[in-house]
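Chemist: Here's a structure for you.
The values are calculated or read from the model by the stated rules, or taken from the named source; none is laboratory data. Computed from a prediction, not measured in an experiment: that's the story for all the values here. Glycine gets a Cβ as well: all are built from the backbone with ideal geometry, and neighbour counts include every protein chain shown.
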Amino acid sequence: MKIGILTSGGDAPGMNAAIRAVVRTALYRGAEVFGIKRGFSGLLSGDIVPLGSMSVADILHRGGTILQSARCLEFKTPEGQAKAKQQLENLGLNGLVIIGGDGSFRGAQILNKMGFQTVGIPGTIDNDIGCTDYSIGFDTAVNTVLDAMNKIRDTASSHNRIYVIEVMGKNAGFIAVAAGLTGGAEAVLIPEVHYDLEAIATQIIKNIERGKSHSILLVAEGLFGDPNSFEHSSAFKVGNYISLRTGTDTRITILGHLQRGGTPTFFDRKIATLMGAKAVELLLNGETEKMVGFTQNQIQVYDLDDAIGSKKTVSAHELELVSIMANI
């Protein structure tokens, strides 16, 4: 059997661990593996290379993806999909492992309808994929935010300042909530939940009156405004309001793509390795249009339709605990 593998959408720490697991599991089981570079864009252009055991040596600890990633509007067209099918047929590929998020999985469904076996592995720091408690990269991204919070808290306490930290999450607040709960943020503002800036400002004033010298607010980039615009970022809007309302020196930090890079944590390496090995097992057993998830502390298999169709929601209890832990 000939198996292809590609990474699509935003990169996430741990993708390389998944690539390594796919390649070495497939080789162990007697299959050939081909790496498709730059996602669906590389599939259309034929940027496809054979992968051997040494091709994935010394990548377990590296962030990003050795196969690289790119957006591909052409693949969304009938002409682009026909070209993709031709490339797969030229190489004689039987199955594909696709690592990415919702958009990547929709691409997997398209290829499946063309007659190719596909298995998806959730790889996104946003952790917004259904049918899995954790996606590859989320744990590392949250730890990156925590490290930044720890360092910022040092200077915030030294100067009696409020810091507003913007984290990734255009449509999802999972990073903000996880980091806010475990990093001791005074407030977390995310796109999914209605926020009240006046109430937050009032609480900060109360905290100051009872002797609290500094505060950290976490804001998901998609709260409002354009996540790609520095001047009109959500953090600046929140920071300006809080500064005017409280009269306290307020500073803004936008972590941006720092959250995507770095050495993957133990947890991301572990689930990536388990998911990669399981994906190969599914393809060799004739399974298709599946996603490998991690739920109830173990690897589980779901239909791609269920993974794409299910809406994953932020824990309201965890969001409430952020405020209770920081403001009592």
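For (1) over 25 Å from the mean Cα position of the chain (by Cα); (2) part of a helix (DSSP H, G or I); (3) basic (Lys, Arg), each residue gets a yes or a no:
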position	(1), (2), (3)
9	no, no, no
27	yes, yes, no
35	no, no, no
42	no, yes, no
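Chemist: Just to be sure I understand, how many residues within the range 1-43 are surrounded by fewer than 21 Cβ atoms within 10 Å (Cβ to Cβ), free of Cβ contacts under 8 Å to residues at least 60 places away in the same chain and not basic (Lys, Arg)?
Modeler: Count: 5.
Chemist: Moving on. Within the range 117-124, is even one residue over 22 Å from residue 80 (Cβ atoms), in a loop (DSSP other than H, G, I, E, B) and modelled with pLDDT of 95 or more?
Modeler: yes
Chemist: Among the residues of the range 290-312, which ones are surrounded by fewer than 13 Cβ atoms within 10 Å (Cβ to Cβ) and under 16 Å from the mean Cα position of the chain (by Cα)?
Modeler: Result: 311, single match.
Chemist: Same structure, new question: Test of understanding: among 148, 141, which residue is over 23 Å from residue 274 (Cβ atoms) and at pLDDT 95 or above?
Modeler: Details: 141 fails: over 23 Å from residue 274 (Cβ atoms).
Of 148, 141, the one residue that is over 23 Å from residue 274 (Cβ atoms) and at pLDDT 95 or above is 148.
Chemist: Hey, which of the strands (runs of 3 or more DSSP E) in the range 240-328, taking only ones fully inside, have at least 3 residues that are assigned by TED's automatic domain parsing to the domain that holds residue 94 and closer than 20 Å to residue 128 by Cβ?
Modeler: Values: elements: 250-254, 290-295, 298-303.
Passing ranges, in order: 290-295, 298-303.
Chemist: Among the candidates 252, 271, 208, 200, single out the residue that is within 30 Å of residue 30 (Cβ to Cβ) and among the β-branched types (Val, Ile, Thr).
Modeler: 271
Chemist: Ok, one more. Could you check, for the range 88-97, whether at least one of its residues is in contact with a helix residue (DSSP H, G or I) (Cβ under 7 Å, 6 or more places away or on another chain) and assigned to a helix (DSSP H, G or I)?
Modeler: The answer is no; no qualifying residue exists.
Chemist: Restricting the range 63-83 to residues that are crowded, with 17+ Cβ neighbours inside 10 Å and under 18 Å from the mean Cα position of the chain (by Cα), which is nearest to residue 40 (Cα to Cα)?
Modeler: Filtering the range 63-83 for residues that are crowded, with 17+ Cβ neighbours inside 10 Å and under 18 Å from the mean Cα position of the chain (by Cα), the one nearest to residue 40 (Cα to Cα) comes out as 69.
Chemist: Just give me the residues in the range 162-204 being under 14 Å from residue 253 (Cβ atoms), in contact with a strand residue (DSSP E or B) (Cβ under 6 Å, 6 or more places away or on another chain) and assigned to a loop (DSSP other than H, G, I, E, B), in sequence order.
Modeler: 185
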